[in-house]
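Engineer: Take a look at this one; I'll ask things after.
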Amino acid sequence: MLMSQKSKEMHNLSDEELMSLYQESEYLAFEILYHRHSGRIYEYLKSKIGVELAQELLQETFARIHKSRDKYNALYPFLPWVFAIARNILFDHFKKAETQTISNSYPLEIDELASESDLSEYGAFDQLEVALSILPDPQRRALKLRYLDDWTFEKIAKEFDTTPQNVRQLISRGLRKVRSTLNKKEI
């Protein structure tokens, strides 16, 4: 199959550029994004839910990307936004299965999943995820260890091989960057 010149040029564009084109009704851009990332998203979903439902949830993810394309802001990385959508679909799946027993391979309680999902389809939780994805790895890790895993500054300091004061400063700078990102523009 011969690839058109337009298609060749579009394959060289970044995800963010492709999504901007898709927002302007360039459907080839969506097709390229699908082929570029569907395998990775499928593997993520399969690792969480198993082979049987992964394909269904993958299709649901891309349907939701299509439905929500106008909500995407090209100033921020595309891939974390897509994975946030996939994660929300996974949460929705668990929420629907609330009356069923979830296997022990899923450590989160259904109430925790529901509370994250209830923040809104692409609301504060996703905005925070995108803002965190922009941080340098040490700041992102320190913030997650402190606020998601509830580690003490001392324990994080041992993990990072530094002092608790340096950890406090790292976390403080990370929080300022996240706040600044969230206050600049709605993601």
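Engineer: Would you confirm whether or not the stretch 85-106 contains a residue that is at pLDDT below 75, open to solvent by 30 Å² or more (accessible area, probe 1.4 Å), among the hydrophobic types (A, V, I, L, M, F, W, C) and over 15 Å from the mean Cα position of the chain (by Cα)?
Structural biologist: Yes, that holds for at least one residue.
Engineer: Out of Leu113, Leu135, I need the residue that is open to solvent by less than 40 Å² (accessible area, probe 1.4 Å) and modelled with pLDDT under 70. Which one?
Structural biologist: Leu113
So that you can scan it fast, the table gives a plain yes or no per residue for (1) in contact with an Asp or Glu (Cβ under 8 Å, 6 or more places away or on another chain); (2) farther than 21 Å from Asn88 by Cα:
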position: Gln5; (1), (2): no, yes
position: Glu9; (1), (2): no, yes
position: Asn12; (1), (2): no, yes
position: Glu17; (1), (2): no, yes
position: Tyr22; (1), (2): no, yes
position: Glu26; (1), (2): no, yes
position: Leu33; (1), (2): yes, no
position: Glu43; (1), (2): no, no
position: Lys48; (1), (2): no, no
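Engineer: Taking the condition of a type outside the set (A, V, I, L, M, F, W, C), over 22 Å from Met19 (Cβ atoms), modelled with pLDDT of 50 or more and part of a loop (DSSP other than H, G, I, E, B), does Glu52 pass?
Structural biologist: So Glu52 does not fit the description; no.
Engineer: Determine which member of the set Leu28, Leu13 is surrounded by fewer than 16 Cβ atoms within 10 Å (Cβ to Cβ), more than 30 Å from Val178 (Cα to Cα) and more than 18 Å from the chain's Cα centre (by Cα).
Structural biologist: Within the list Leu28, Leu13, the selection yields Leu28.
Engineer: Just the residues that are assigned to a helix (DSSP H, G or I) and either hydrophobic (A, V, I, L, M, F, W, C) or under 15 Å from Asn166 (Cα atoms) (or both), please, taken from the stretch 138-152.
Structural biologist: Passing the criteria: Pro138, Gln139, Arg140, Arg141, Ala142, Leu143, Leu145, Arg146, Leu148.
The values are calculated or read from the model by the stated rules, or taken from the named source; none is laboratory data. None of these values were measured; they are calculated from a predicted model. For neighbour counting, all protein chains shown are included, and Cβ atoms are generated from backbone atoms with ideal geometry for every residue, glycine included. In case anyone asks, the SASA skips ligands and DNA or RNA and just uses the protein heavy atoms, side chains included. Shrake-Rupley method; radii C 1.70, N 1.55, O 1.52, S 1.80 Å.
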